[in-house]
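Here is the structure we will look at, set down as structure tokens.
The values are calculated or read from the model by the stated rules, or taken from the named source; none is laboratory data. Nothing here was measured: the structure is a model prediction, and the numbers come from that model. Note: accessible area is taken over every heavy atom of the protein model, side chains too, but ligands, DNA and RNA are not part of it. Shrake-Rupley method; radii C 1.70, N 1.55, O 1.52, S 1.80 Å.
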Amino acid sequence: FSLSVAAVRAQVEQEPFLETTEGSGISINCSHPNKRIGDFFHFYRQLPGQSPELVAVAAKGSKEVRAPEGRVSVSADRRWSVLWLRRPRLGDAAVY
């Protein structure tokens, strides 16, 4: 299956398209050189035919994500963040 990835704000850069097999972990990397202190990073996903849903919010460090199962991490310099999906399933195919 495939995971579609789209950047909502022009100052965020991420891969336009990612693909993995079911159960194989995948990382969605975002570069954001213009972030300011106090800004938070929001990851959303939009399943086909549904409204976007919040997956994770982070300002720094790393923390677990429950649905889909994984982890969100923010670099110490806040120039990048990553949403890692541990074992994505077919039902996790979405725009992130």
Can you quote the Å³ per residue value for the convex hull of the Cα atoms in the stretch 13-92, rounded to an integer? 95
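On average, how much accessible surface per residue is there in the stretch 13-92, in Å², for a 1.4 Å probe, leaving out ligands, DNA and RNA?
Here the residues of the stretch 13-92 average 63 Å² of exposed surface.
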Skipping prolines and chain starts, which residues have an amide H placed within reach, meaning under 5 Å, of the one on I28, given they are 5 or more residues away or on another chain? L83, W84, L85
Explain nothing, just compute: Karplus ³J(HN,Hα) = 6.51 cos²θ - 1.76 cosθ + 1.60, θ = phi - 60°, for every residue of the stretch 42-54 in order, whole Hz, x for Gly and Pro. 10, 10, 10, 9, 10, 6, x, x, 10, 7, x, 10, 6
So what J values fall out for the stretch 88-96 if you push phi through Karplus, 6.51 cos²θ - 1.76 cosθ + 1.60 with θ = phi - 60°, rounded to Hz, Gly and Pro as x? x, 10, 3, x, 8, 5, 6, 8, 10
